[in-house]
Amino acid sequence: MFNKKWTVLLLTLCLALVATGCGSNSSSTGESGNAGTGSEGDKVTVNFMHLWPAGVSAGQNKIVNQIIEEYQKENPNVTIKQEVLDNEQYKNKLKVLSASNELPDVGVTWAAGFLKPYVEGNLFAPVDDVLDGQLGDKFVAGTTEAYAIDGKTYALPLEFNIAPVYYNKAIFEQHNLEIPQTYEEFKTVVKTLSDNGIAPIALGNKDRWTGSLWYMYLADRIGGQETLASAISGSSSFKDESLVKAAAEVQSLVDGNAFVKGFNGLSNEEAKSEFLNGKAAMYMMGTWELPNFTTNEEIPQEFRDSVGFFKFPTVEGGKGDINSWVGGPGVGLFIGENSKVKEESKKFVEYFVTKWGEQSVTGAGVIPATKVDTSALELPQLYIDLFDEMNKASSITLFADVQMQANAAETHLNMIQALFGKAVTPDKFSEEHDAAISKGN
């Protein structure tokens, strides 16, 4: 579904960017669900559930609270109640609330296949009327398409992301390591670190989608972007020789002690702490982590200054391009179809998206889905460099579990964990994918 669109989207995105100047424990400050939401006279309460807790998402959390405070000052009859959960807790609670038709008035969603069952269940409200208003020309061209189903848009994107490999420059310098340009050089880096008692890569594969990033890059670099995208869409097979080889290479990395000990039982947040604490040398993750490496003052400046990144290396004989990325639109905001304060929720979402675009760049180091003139802004070098890489990207392949329909996505994630745990062979991994995708389509 996305293999051709994303190349076009990327080109459009780059032009737009140039033209404009270029998780933890849950915490709750309100009750989720719309069953008890309503108004008393002129007083209105909007329940907002999101995934930016203080601490692990300090920059985003600060901006969310600033926006809410500003909105409530400008709209004194409105109270925005927050429920804040980390990434995995959020996904699980969204499923629970959807089963009982008690989604919050406003919440966070991912695009494409993730969105589809909620739309089919009539749980998310169309937001085309909001998009047709003042927001219409604010989005980078093409970003809202990932949230559209059958001609209607069901969420408004906040971020655009790519997934680099972050690395600790101090650890690399200590062991005389250079940024790998080829996969063979990368494996040498891994071996050197492992031989010297340093965990090469922080990976929390309990969450499964984290391991998917590694498989996707290997599949891209060995088989090429079109091969991977076609297999995900169901128009070709995961039994393609290059994709089976990519699965085998994942297990080769496991055998080479590439990942932190116990990685299949660690959450992403637990693994990330290994990188933040200097116990692991590398960490692959989306650019939504940029705030932790640039603006988050809860993380020592010495560490932030030591974070660099590199593109996933090319594989000798592979068809992939080093400027091909895994990524795409990040999270977006939805409005509950059954909300009793739907119009006020739409006004809040419109306000939030506008302010997020203005504040998230300098306040958190987030790459927003809305157009921002960055030419006059003082930005961290890491942000600027990744922003530039986005402009140079040859293609972007949307995260596999986001592209796939719900049942196929669950199979993909389960198979990823089994692959990393060596509980399935590469051939079985591929067969299970084909079977799940054929059922889903």
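How many residues does the stretch 368-402 contain that are outside any helix (DSSP H, G or I) and more than 22 Å from Leu156 (Cα to Cα)?
Number of matching residues: 9.
Restricting attention to the stretch 142-161, and to residues there that are surrounded by 19 or more Cβ atoms within 10 Å (Cβ to Cβ) and β-branched (Val, Ile, Thr), which single residue is farthest from Thr294 (Cα to Cα)?
Thr153
Working carefully through the options Ile171, Ile179, find the one that is open to solvent by 10 Å² or more (accessible area, probe 1.4 Å) and part of a loop (DSSP other than H, G, I, E, B).
Ile179
For residues in the stretch 400-436 being in contact with a Ser or Thr (Cβ under 7 Å, 6 or more places away or on another chain) and under 17 Å from Gly328 (Cα atoms), which is least open to solvent (accessible area, probe 1.4 Å)?
The qualifying residue least open to solvent (accessible area, probe 1.4 Å) is Ala400.
Out of Leu193, Leu213, I need the residue that is under 18 Å from Phe172 (Cα atoms), open to solvent by less than 10 Å² (accessible area, probe 1.4 Å) and not in a strand (DSSP E or B). Which one?
Leu193
Please list, ordered by first then second residue, the pairs with beta carbon atoms under 6 Å, 6 or more apart or interchain, first in the stretch 396-410 and at positive phi, second surrounded by fewer than 23 Cβ atoms within 10 Å (Cβ to Cβ).
none
Just name the residue that is most open to solvent (accessible area, probe 1.4 Å) out of those in the stretch 26-48 that are out of contact with any helix residue (DSSP H, G or I) (no Cβ under 7 Å at 6 or more places or on another chain) and at pLDDT 95 or above.
Thr45
Sort out which residues of the stretch 224-262 are under 14 Å from Met404 (Cα atoms) and of a type in the set (A, V, I, L, M, F, W, C), and write them in order of number.
Once the filter is applied, which keeps residues that are under 14 Å from Met404 (Cα atoms) and of a type in the set (A, V, I, L, M, F, W, C), the stretch 224-262 yields Leu228, Ala229, Ala231, Ile232, Phe238.
Open to solvent by 70 Å² or more (accessible area, probe 1.4 Å), assigned to a loop (DSSP other than H, G, I, E, B) and either at pLDDT 80 or above or over 19 Å from Asp105 (Cα atoms) (or both) - does that describe any residue in the stretch 57-76?
Yes, the stretch 57-76 has at least one match.
Give me the residue from the stretch 285-296 that is β-branched (Val, Ile, Thr) and closer than 16 Å to Trp52 by Cα and, out of that set, surrounded by the fewest Cβ atoms within 10 Å (Cβ to Cβ).
Out of the qualifying residues, it is Thr295.
I'd like to verify a number: residues in the stretch 95-112 that are part of a helix (DSSP H, G or I) and either modelled with pLDDT of 95 or more or surrounded by fewer than 20 Cβ atoms within 10 Å (Cβ to Cβ) (or both), how many?
Of the residues in the stretch 95-112, 5 are part of a helix (DSSP H, G or I) and either modelled with pLDDT of 95 or more or surrounded by fewer than 20 Cβ atoms within 10 Å (Cβ to Cβ) (or both).
Of these, Lys191, Lys206, which one is over 30 Å from Asn122 (Cβ atoms) and in contact with a Leu (Cβ under 7 Å, 6 or more places away or on another chain)?
Criteria check complete, one pass: Lys206.
Can you find even one residue in the stretch 158-176 that is outside the structural domain of Thr354 (by the TED database), of a type in the set (Gly, Ala, Ser) and more than 24 Å from Tyr215 (Cα to Cα)?
yes
What is the residue count in the stretch 117-139 for residues that are charged (D, E, K, R) and crowded, with 16+ Cβ neighbours inside 10 Å?
Residues meeting the conditions: 1.
Could you run through the stretch 265-284 and say how many residues are assigned to a helix (DSSP H, G or I) and open to solvent by 30 Å² or more (accessible area, probe 1.4 Å)?
Matching residues across the stretch 265-284 total 6.
Tally time: how many residues in the stretch 229-249 are at pLDDT 95 or above and either touching a Pro at 6+ places or on another chain (Cβ under 7 Å) or crowded, with 23+ Cβ neighbours inside 10 Å (or both)?
7
Which ones in the stretch 309-361 are outside any loop (DSSP other than H, G, I, E, B), open to solvent by 40 Å² or more (accessible area, probe 1.4 Å) and touching a helix residue (DSSP H, G or I) at 6+ places or on another chain (Cβ under 8 Å)?
Thr314, Glu350, Lys355, listed by residue number.
Tally up the residues in the stretch 184-216 that are hydroxyl-bearing (Ser, Thr, Tyr) and in contact with a Gly (Cβ under 8 Å, 6 or more places away or on another chain), please.
Residues that pass the stated criteria total 2.
Quick grid of which residues meet (1) outside the structural domain of Ser306 (by the TED database); (2) farther than 21 Å from Gly327 by Cβ:
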{"position": "Met390", "(1), (2)": "yes, no"}
{"position": "Met404", "(1), (2)": "no, no"}
{"position": "Ala418", "(1), (2)": "no, yes"}
{"position": "Ala423", "(1), (2)": "no, yes"}
{"position": "Lys428", "(1), (2)": "no, yes"}
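The values are calculated or read from the model by the stated rules, or taken from the named source; none is laboratory data. Computed from a predicted model, the values in this text were never measured in an experiment. Counting neighbours? That spans all protein chains shown, and the Cβs are built from the backbone with ideal geometry, glycine included. Accessible surface is based on the protein model in full, side chains and every heavy atom, while ligands, DNA and RNA are left aside. Shrake-Rupley method; radii C 1.70, N 1.55, O 1.52, S 1.80 Å.
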